[in-house]
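Okay, so here's the structure we're looking at.
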Amino acid sequence: MLSLRAISLRLLLSTLGLLLVPLAAAVDWPPISPEEQALKDVPSQPGAPAVILLRQEVADDLNNFHSTYKRIKVLTDAGRKYADIELPYNRHGFSIGELAGRTVHADGTVVPFDGKPFDKVIVKGKGFRYQVKAFTLPDVQVGSILDVRYSLRFGDRMVLPPEWIVQDDLFQKKAAFKYIPFQGKGNMEVILPHGQVANGVSWTPFLPAQYKPEQHTAPQAAFGHNQVGYWVGLDMSDVPAFVQEPFMPPPDILKWRVNFYYLVSPKQEEYWKAQGKFWEHDVESFLGKKKCVAEATAQLISATDTPEQKTRKIYAFVSQLENTSYVPYRPQQEQKVLGIKLNAGVEDVLRQRSGDHDDLNRLFVAMVRAAGLPASLMLVPNREHNVFLPALLSMSQFDAEIAIVRLDSKDVFLDPGTKFCPYGLTDWRYASVTGLRESDGKAETAESPLSSYTQAMTTRLGRFKMNEEGRAEGLIGLAFYGLEAMQWRQQGGKTDDEGRKKLLEDEVKSFLPSDNEVTLTKQPEWDKTEEPLIAQFSVKASLLVNAGKRALIPLHPFEFNGTPRFSAGQRVNAVYFYYPSREIDEFHITLPSNVQIENLPPDDVQKLQYAMYKSEQKPEGTNGIFARRDLVMGGMLFPPTMYAEVKGFYDKIKAGDDQTAVLKALARAEGN
């Protein structure tokens, strides 16, 4: 019997393992045409650093391999980076075979790759790490053609339906994809989760109308069998490069792609109805009605507690349990020594006082129910990378479960399984998404709410005194609230006290002029989830900019190193912010006696229906300046048609942030 791993090759490579086998002894590369040698640029992608001349991908579930071949031509010096090849891995039963590469110079000289790949750790986003096997093709120059080929091999008792991510960041002259699904091999069949037997393969294309995967029939003798079988192919020419832009939705949901999956029925309604029942059954089997849960709940709450008080107490209890989603992976042998077992139900989570994200959220729901309150779970995607598309018949779209508690006739969405997530919020990745929620023995689609800008605030307060040389000394207070505090606490949880100190000091240094000295003088309360994260710093910085007999001082020094949010005049993709937010800055500075304020710019207010910016500046005390900055972004997603408005708003913010006060030297100071 074959078991199905219904995940994409892209996801597989980041979660499963790759072992390297010896390179192929000889490689038969496709001939290089005169047209390929002569190609100098890509008219549809002006300034392109390189171009993909040929790309071929084959996924074969009958013979248990995926193969990839790419031919790339380097057009500019920046295109030399495509000589660096990285293959994500995690050492769990998969192997890379037929790994080969070469560089072909413009004069026809061939330089084969004969080295060995090496291990490398990649850091992406806020501390996310993964390992790759990396190698570099040799002696790459502008005009070189790069060939690289490798295959992924996996066990003969599994299948791996592919996800064709058709678009690349480079223009593709030709691209060809082929998939040979499992079609019977002896008495074996594909077994889906919950014991279902697959009734074939289906696919969902996200392509322009002129492109469609085509099914081809062929004698199974071609596949090593005697029956008539089939394969699915897609041949394309002149595939446009995918346009990467700042602050855009997850690229992989926008790229042209095709998803394959084994299933029982290709009918969308039937699929989601069945999968919803399976998921709801799994959840309730895990929750059960356990006596230990009722006993633990009774110790936390009292009869006089309101429903919200009960919920908050249970939330606080679950939040402080060990969250294995945020600790390094422990090998099985280490888990055995420590007595750690896989949680099969909420009683295991309680007994071990430990669980991953979903284990903790399930325990939370079980305890809330034990307290006599209605609670359920919701299955959600991670919108940092994905969204739920009902047309895509795959449960792999979902990433996690969040909790829903009914309080005062309202649904309250909660997430104690996300470390340091305050009560009343969910991780932003699970907010404002469509998912499946439990409902009377089945699952139905639902929407999780978007957080408010008041639930993701940053405040920066600076009090400085400047000496006659223009050097300012003082204190900076930094405070993070809600989602911002959650993310900083998660970052801090990955290091020790010294690492956390450096983390915060580097943050302050990043927004001040480079000639600065920053020392953390008051550590925040890292473990108090419900409190803002507040830190204090002693700071020395040069804020004065000389301009002849006058000098300039930035009124918003915390934005000193700020860059324009959007620089492009046109936009292809939607503008996408992770969550609504607010920034409030205050700046107080006492000036030396040898200068005085000559000019302060007027206050500025910019308002849109979903955003606001306000800057205020005025004299303070006998010879000082007060400046305040308030920025609110209440929206999250804006179509390209709104780009001009959004860009215009941020352009005005940049102009306001760059405002300076003009200082005049007094006569006494000039005579010195």
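Filtering segment 25-65 down to residues that are among the polar types (S, T, N, Q) and in a loop (DSSP other than H, G, I, E, B), which residue is nearest to S95 (Cα to Cα)? Walk me through how you get there before you give the answer.
Looking only at segment 25-65, we keep the residues that are among the polar types (S, T, N, Q), and these are 33, 37, 44-45, 56, 63-64.
Filter once more, keeping what is in a loop (DSSP other than H, G, I, E, B): 33, 44-45, 63-64.
On the way: S33: 33, S44: 38, Q45: 36, N63: 14, N64: 11 Å.
Per the criteria, the residue is N64.
Which members of segment 465-495 meet the condition of being closer than 14 Å to I553 by Cβ and crowded, with 23+ Cβ neighbours inside 10 Å?
Result: M466, A472.
Run S285 past the list (1) surrounded by fewer than 14 Cβ atoms within 10 Å (Cβ to Cβ); (2) without any contact (Cβ under 8 Å) to a residue 40 or more places away in the chain and report the number of the one that doesn't hold.
Against the list (1) surrounded by fewer than 14 Cβ atoms within 10 Å (Cβ to Cβ); (2) without any contact (Cβ under 8 Å) to a residue 40 or more places away in the chain, S285 comes up short only on (2).
Test W526 against the criterion of being touching a helix residue (DSSP H, G or I) at 6+ places or on another chain (Cβ under 6 Å) and not in a strand (DSSP E or B), and give yes or no.
Here the answer is yes, as W526 does meet what is asked.
Restricting the search to segment 575-630, which residues are in contact (Cβ under 8 Å) with a residue 24 or more places away in the chain and of a type in the set (S, T, Y)?
Within segment 575-630, Y576, Y578, Y579, S581, T590, S593, Y610, Y613, S615 qualify.
Of all residues in segment 524-559, how many are among the polar types (S, T, N, Q) and modelled with pLDDT under 95?
So the count comes out to 2.
For K647, only one of the following conditions fails: (1) charged (D, E, K, R); (2) part of a strand (DSSP E or B); (3) surrounded by 19 or more Cβ atoms within 10 Å (Cβ to Cβ). What is its number?
Condition not satisfied by K647: (2).
From the list P513, P532, which one is surrounded by 16 or more Cβ atoms within 10 Å (Cβ to Cβ), under 27 Å from the mean Cα position of the chain (by Cα) and assigned by TED's automatic domain parsing to the domain that holds L600?
Being surrounded by 16 or more Cβ atoms within 10 Å (Cβ to Cβ), under 27 Å from the mean Cα position of the chain (by Cα) and assigned by TED's automatic domain parsing to the domain that holds L600 holds for just one of P513, P532, which is P532.
In segment 433-453, what residues are touching a strand residue (DSSP E or B) at 6+ places or on another chain (Cβ under 8 Å), over 14 Å from S376 (Cβ atoms) and crowded, with 18+ Cβ neighbours inside 10 Å?
Those that are touching a strand residue (DSSP E or B) at 6+ places or on another chain (Cβ under 8 Å), over 14 Å from S376 (Cβ atoms) and crowded, with 18+ Cβ neighbours inside 10 Å: V433, Y453.
For segment 571-596, which residues satisfy the criterion of being at pLDDT below 95 and outside any loop (DSSP other than H, G, I, E, B)?
Hits for segment 571-596 are V595, Q596.
Condition check ((1) in contact (Cβ under 8 Å) with a residue 12 or more places away in the chain; (2) assigned to a loop (DSSP other than H, G, I, E, B); (3) at positive phi; (4) within 21 Å of the chain's Cα centre (by Cα)) across all residues:
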| position | (1), (2), (3), (4) |
| --- | --- |
| I340 | yes, yes, no, no |
| D348 | no, no, no, no |
| R351 | yes, no, no, no |
| D358 | yes, no, no, yes |
| R362 | yes, no, no, no |
| L377 | yes, no, no, no |
| E384 | yes, yes, no, yes |
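Return the residues of segment 537-568 that are surrounded by fewer than 17 Cβ atoms within 10 Å (Cβ to Cβ) and not in a loop (DSSP other than H, G, I, E, B); say none if nothing qualifies.
Residues satisfying the conditions are S538, K540, S542, V545, N546, A547, R550, L552.
Filter segment 95-129 down to residues that are at pLDDT below 75 and buried (at least 16 other Cβ atoms within 10 Å of the Cβ), then give me how many there are.
Applying the first criterion (at pLDDT below 75) to segment 95-129 yields 121-129.
Now narrow it down to the ones that are buried (at least 16 other Cβ atoms within 10 Å of the Cβ): none.
Qualifying residue count for the region: 0.
From the residues in segment 291-317 that are among the polar types (S, T, N, Q) and buried (at least 17 other Cβ atoms within 10 Å of the Cβ), which one is nearest to the chain's Cα centre (by Cα)?
T311
Every residue in segment 591-637 that is among the hydroxyl-bearing types (S, T, Y) and either surrounded by fewer than 16 Cβ atoms within 10 Å (Cβ to Cβ) or within 18 Å of F558 (Cβ to Cβ) (or both), please.
Once the filter is applied, which keeps residues that are among the hydroxyl-bearing types (S, T, Y) and either surrounded by fewer than 16 Cβ atoms within 10 Å (Cβ to Cβ) or within 18 Å of F558 (Cβ to Cβ) (or both), segment 591-637 yields S593, Y613, S615, T622.
Of the conditions (1) out of contact with any strand residue (DSSP E or B) (no Cβ under 6 Å at 6 or more places or on another chain); (2) surrounded by fewer than 16 Cβ atoms within 10 Å (Cβ to Cβ), R571 clears all except one; give me its number.
(2)
Only one of V243, V232, V239, V258 is out of contact with any strand residue (DSSP E or B) (no Cβ under 9 Å at 6 or more places or on another chain) and modelled with pLDDT of 95 or more. Can you tell me which?
Result of the check over V243, V232, V239, V258: V243.
Which one of the conditions (1) farther than 30 Å from M367 by Cα; (2) touching a residue at least 60 places away in the same chain (Cβ under 8 Å); (3) not in a loop (DSSP other than H, G, I, E, B) does M486 fail to meet, given that it meets all the rest?
(1) is the only condition that M486 fails.
Can you tell me which residues in segment 393-412 are in contact with a Pro (Cβ under 6 Å, 6 or more places away or on another chain) and either part of a strand (DSSP E or B) or crowded, with 24+ Cβ neighbours inside 10 Å (or both)?
R406, L407
Just name the residue that is modelled with the highest pLDDT out of those in segment 31-67 that are under 24 Å from A106 (Cα atoms) and among the hydroxyl-bearing types (S, T, Y).
S33
The values are calculated or read from the model by the stated rules, or taken from the named source; none is laboratory data. Predicted model, so just to flag it, every value in this text is computed and none were measured. A quick note on method: Cβ atoms are made from the backbone with ideal geometry, for glycine too, and the neighbour counts reach across all protein chains shown.
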